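Just below is one structure, and these are the notes that go with it.
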Amino acid sequence: MERVIHLISEVGGIGSISPDAGIYEAGFSSVRVLELLLALEGEFGVSIPDQQFMAARTPREIFGLLERLQEPKAA
C-alpha cells in the first residue's frame, strides 16, 4: 500500500493522500490519471485494464486491484 500511495503522491504532485481519499478529489486531472496508470504498470509489472483502473478511485481500491492482477492464475 505504501508504494501505491507514494506513486500517487509523486505523480499527482501532492504532499500525501490517505488510503481512502479519492484521487480525483485530490486534484488529479485526466492527464495525471494516465500518467499514474503508466507509472503503476511499470512499477508493479502488470497490465491494468482501463475500465478496472477507472473504477478504482482511492489508493486502497487501486492497491486491491493491483493485488488481484498480480495473483497467479490457476492452470
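Each value in this text was obtained by applying a stated rule to the coordinates, not by laboratory testing. Note that the structure is a prediction, hence the values are computed from the model and not measured.
In the chain, the longest principal axis of the Cα atoms and the axis of helix 30-44 are about 40 degrees apart.
Relative to the longest principal axis of the Cα atoms of the chain, the long axis of helix 59-70 lies at roughly 20 degrees.
For the chain, the longest principal axis of the Cα atoms and the long axis of helix 2-12 meet at an angle of about 50 degrees. Two decimals is fine: what is log10 I(q)/I(0) at q = 0.15, 0.19 Å⁻¹ for the chain, from a Debye sum with one equal scatterer on every Cα and no solvent? Once normalised to I(0) and log-transformed, intensities are -0.44, -0.70. Note on the chain: GNM, Cα springs under 10 Å; of I62, I23, I14, the largest mean-square fluctuation is that of I14.
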